[in-house]
Amino acid sequence: MEKLISLKIDGRPVSVPAGMLVVDAAKRAGITVPVFCYHPKMEPVGMCRMCLVDIGRPAVDRVTHEPILNEDGTPKIAFGPKLETACTTPVSEGMVVWGATEKVMAARKDVIEFLLTSHPLDCPVCDKGGECPLQNQTMAFGPGESRFLFNEKNHLAKHVPLGELIYLDRERCIQCARCVRFSDQVAGDPVIGFYQRGRQLEIVTHSDPGFDSVFSGNTTDICPVGALTTADFRFGARPWEMSKASSICTQCPVGCNISYSVRREAKSDGRCVVKRVLPRQNEAVNEIWLCDKGRFGYHFGEAEGRIQKPLVKQGNEFVETSWKEALQLVAENFRAAGKKVTTLAGGRLSNEDLYFLKKFNQAVDGKLFASSEMGGGEWTRRLGLTPGSDLGKVGKGAAVLVFASDLHEEAPIWWLRLKQAAERGLNLIVAGARATRLDKYAAHVLRYAYGEEEKVLKALIAGQGEAGQALQSAADVIVFYGADGLGLTQTEAAASLCAELLVKTNHFGRPNNGLVAVWPHANDQGAAELEVPVSANLAEELGAAVALYIAGADPAGDSPALKEAVQRAGFVVVQELYMTESARNANVVLPVQASMEREGSLVSGERRVQRFYRAVPPLGESKADYEITAAIAAGMGTKLNAVSAEAAFAALTQAEPAFSGLDYAQLGQTKAQWPLTGREEAYFSGTVVENKDGLGVTLSLQPNGKSAPAPAVMPAGLRVSKEGWLAVPVTRLYDQAVTLHSSELLKGRIGEKALSLHPDDAEKLGVAAGDNLSLILDGQQLEAAVDLDAGQPRGVVLVRRSMGIALAGPAEMILHKIGNG
């Protein structure tokens, strides 16, 4: 049982866990102690002095060490000569805290006055106005007027780019160090800091490029003034002009809870548009943080080139048509194809979309595949995480294995949460062929050569080495596996071996135990739960289709082989946001709604089902994917209830065992979370949005989850010729995929470098970072820019996924410096 401490704050009896800080104890009791520098997710520093309170403790006789009592028998309380900072003082038994006395209020008034001596008077034009802790606390605790003259203020630069994403107004900065401490303590990126002293103290960036962190946007949420703003939102709107809409980030499998801030504006031709993305609190998923990809990668919904009406190919050109004519044409050709209808479903689709595609496929007796170069869904469905799992509660006594995955690039919030768990005592094991950012926090780092994955996993299954023993003896074990350097068949085998490890050590079927896939897409786990298979012979399957139905995928853009397969197929229908390569090779293209234009649900990699809501009206005549599938099915005599996403989900839960018993009301349920968030708590935890629209529900394992996995056969490691190089696919956070290619803001982060070499290999080839190389891969001759990475193995070419070079798995590549033949 947690030891409780009893104390009084402003005369109110309070009982809180031992070790809690006075400022948190007051907050839990509903008592406001104002702060600027303190944040509940970071270590306290007591820099701003705004939280000064008067603290008394039971007096103790110095000789007998017994408490001194008043005449009435109550403990005598001794107050110190000075006020104390509530953010650095732990509670103690019998403590008495006063925060509303004349002495305390005078101190708070002085602190505010000192902060305002050099603060600009630009509230009417400041981006933070309306949600500014300094503004609010000046009204509550500050002086009614200033005693300082305007020309005595310290004037500094106002539009300083810390990087291409974050701007600094040095005049507004109050030196609370929240941003500096977040970057160092939470994000592990000490790339910004203080420079100069006294009134000249200012924030600077130490990295090149500036503010080089994938979590930089969070500093704008926790900044208590308008000093830090994002490049896409600064001077864009005022908080009271916007409304909030809850959603789920669709950039990776973490399933971060987000909130769109939207408004209708003249410069967007009167349309309602997204102005910014804020984190929405879910302590079991993303806490109160977002990575920059999720924060700044929302522009795909409003960029130029969106398909707004159905398109039909006539000759070599596409012409706009009505939905009625397009659907009639599709139904006629699908009926003519008989059982030769093949459907390919992408990982961005919602559960409702996938379920309707599955029902449609059953009705036509065709084939349905998930579009993914990563396998293992059978095992994450059987042995994934269960209800009650929470990475925030994993720590000492538990072990986590991260295998073949660079989480910092593939799922940054998982990286962040595992880093924090390791700091709490988690036995973290990282196994990979190259160095990653997570190695620094690992108790064990297992380095292997690409092609040795099976050897490493079998050694861990056998309990060999310290890492193997740690997994055997841990109370809880979670295994994250990815596709770093691996293709579909390799990841299927890796998942099977990871499952074998969990079964043999009995680490499944209970909270904080199980298998997690670091999927490439937001709802790949949803496809796994719905038992939508992947195919190792996808090109053959697509090419043999008399009618090919592609939803939310771009096989023709993924590889030349798949493009040829799409071209070989008979009648091709594509549902898409933009004219992708697959869309350009289709007979009919149907416009779909972006995630912020519709409702639905997704399943995260941790098997948490979560709702997302409509934020802005649909563009043009676009429809939700499930609506389109239902309309096509109706034209072929099959009725699917597409009246709403909720109705579609209700049908899903009746038919699919994995989702049995769920409904939208459950997904929308919330509970109290710590720290407190919302507009009234902006001074305490930042502009994080309070979660009022659902924390989601983690799926239970199905009965077959206890069956032992079948033996896996990992494909043999690839042997390359003397003149060849081993090329393997890897994932970077920023790429040229459909949901990012339209973001002007992130183009600098995406870059053009599709290849990566060890510096020693680059020296042998006579190339430098940024140079173009000529390469031959699968008989195709290409050119690509190269990057250098000392953390990768020598003799290996890393090929970034979704950067223009198709590589589904390990392969041989021939490299030449351009000009050398």
### Query
With respect to Glu304, is the statement that it is part of a helix (DSSP H, G or I), open to solvent by 20 Å² or more (accessible area, probe 1.4 Å) and at pLDDT below 95 true?
no
### Task
Having 1 or more residues that are within 27 Å of Arg181 (Cα to Cα) is the bar; report the strands (runs of 3 or more DSSP E) wholly within segment 1-104 that clear it.
12-17, 52-58
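Here is a yes/no grid of residues against (1) open to solvent by 60 Å² or more (accessible area, probe 1.4 Å); (2) out of contact with any helix residue (DSSP H, G or I) (no Cβ under 8 Å at 6 or more places or on another chain):
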residue: Leu652; (1), (2): no, no
residue: Gly668; (1), (2): no, yes
residue: Met714; (1), (2): no, no
residue: Glu723; (1), (2): yes, yes
residue: Asp735; (1), (2): no, no
residue: Gly751; (1), (2): no, yes
### Task
Mind listing whichever residues of segment 647-680 are over 25 Å from the mean Cα position of the chain (by Cα) and not small (Gly, Ala, Ser)?
Leu652, Thr653, Gln654, Glu656, Pro657, Glu680
### Task
Scan (1) farther than 20 Å from Glu113 by Cβ; (2) loosely packed, with under 13 Cβ neighbours inside 10 Å; (3) not polar (S, T, N, Q) for the single condition Leu149 breaks and write down its number.
(1)
### Task
Could you please find all residues in segment 349-365 being open to solvent by 40 Å² or more (accessible area, probe 1.4 Å) and out of contact with any Ser or Thr (no Cβ under 6 Å at 6 or more places or on another chain)?
Lys359, Gln362, Asp365
### Message
open to solvent by 10 Å² or more (accessible area, probe 1.4 Å) and among the charged types (D, E, K, R): is that true of Arg280 in this structure?
### Response
no
### Query
Across segment 251-277, which residue is farthest from Leu676 (Cα to Cα) among those that are open to solvent by 10 Å² or more (accessible area, probe 1.4 Å) and polar (S, T, N, Q)?
Ser268
### Task
Select from segment 234-277 the residues that are closer than 24 Å to Val125 by Cα, touching a residue at least 40 places away in the same chain (Cβ under 8 Å) and not in a strand (DSSP E or B) and list them in ascending order.
Arg234, Phe235, Gly236, Arg238, Pro239, Trp240, Arg271
### Message
Give all pairs with beta carbons closer than 7 Å in which a residue from segment 175-198 that is over 15 Å from Gly46 (Cβ atoms) meets a residue that is among the aromatic types (Phe, Trp, Tyr) and in a loop (DSSP other than H, G, I, E, B); count only pairs at least 6 apart in sequence or on separate chains.
### Response
Ala187/Phe215; Asp189/Phe215; Val191/Phe211; Ile192/Phe211
### Task
Scan Thr386, Thr343 and give me the residue that is within 20 Å of Ala630 (Cβ to Cβ), among the polar types (S, T, N, Q) and not in a helix (DSSP H, G or I).
Thr343
### Message
I'm trying to understand the selection: among the residues of segment 307-331, which are free of Cβ contacts under 8 Å to residues at least 40 places away in the same chain and in a helix (DSSP H, G or I)?
### Response
Lys324, Glu325
### Message
Looking for something in contact with a strand residue (DSSP E or B) (Cβ under 6 Å, 6 or more places away or on another chain) and either on the phi > 0 side of the Ramachandran plot or among the β-branched types (Val, Ile, Thr) (or both) - is there at least one such residue anywhere in segment 149-163?
### Response
yes
### Query
Restricting the first residue to segment 199-223 and requiring it to be on the phi > 0 side of the Ramachandran plot, which pairs with a second residue that is in a loop (DSSP other than H, G, I, E, B) meet a Cβ separation below 8 Å and a spacing of at least six or different chains?
Phe211/Leu162; Phe211/Gly163; Phe211/Leu165; Phe211/Val191
### Query
If a residue has to be open to solvent by less than 10 Å² (accessible area, probe 1.4 Å) and farther than 30 Å from Pro520 by Cα to count, how many in segment 307-329 make the cut?
1
### Query
From the set of residues in segment 183-214 that are small (Gly, Ala, Ser) and over 19 Å from His408 (Cα atoms), which is least open to solvent (accessible area, probe 1.4 Å)?
Gly193
### Query
Applying the selection to segment 535-560, what residues are in contact with a strand residue (DSSP E or B) (Cβ under 7 Å, 6 or more places away or on another chain) and among the polar types (S, T, N, Q)?
Ser535
### Task
Go through segment 334-348 and count every residue that is within 40 Å of the chain's Cα centre (by Cα) and either surrounded by 15 or more Cβ atoms within 10 Å (Cβ to Cβ) or not assigned by TED's automatic domain parsing to the domain that holds Val566 (or both).
10
#### Entry: Residue within segment 164-177 that is loosely packed, with under 15 Cβ neighbours inside 10 Å and at pLDDT below 95 present
no
### Task
Could you grab the pairs with beta carbons closer than 7 Å, sequence gap of 6+ or different chains, first residue in segment 51-79 and open to solvent by less than 50 Å² (accessible area, probe 1.4 Å), second one of a type in the set (S, T, N, Q) and part of a loop (DSSP other than H, G, I, E, B)?
Asp54/Thr101; Ile55/Thr89
### Query
Considering only segment 620-639, how many residues are open to solvent by less than 30 Å² (accessible area, probe 1.4 Å) and either within 33 Å of the chain's Cα centre (by Cα) or of a type in the set (Lys, Arg) (or both)?
7
#### Entry: Single match in Leu740, Leu773 (criterion: assigned to a loop (DSSP other than H, G, I, E, B) and either open to solvent by less than 50 Å² (accessible area, probe 1.4 Å) or of a type in the set (Asp, Glu) (or both))
Leu740
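The values are calculated or read from the model by the stated rules, or taken from the named source; none is laboratory data. On a predicted model such as this, the values are computed, not experimentally measured, just so you know. All Cβ positions, glycine included, derive from the backbone under ideal geometry; neighbour counts span all protein chains shown. These accessible areas exclude ligands, DNA and RNA; they are computed on the full protein's heavy atoms, side chains included. Shrake-Rupley method; radii C 1.70, N 1.55, O 1.52, S 1.80 Å.
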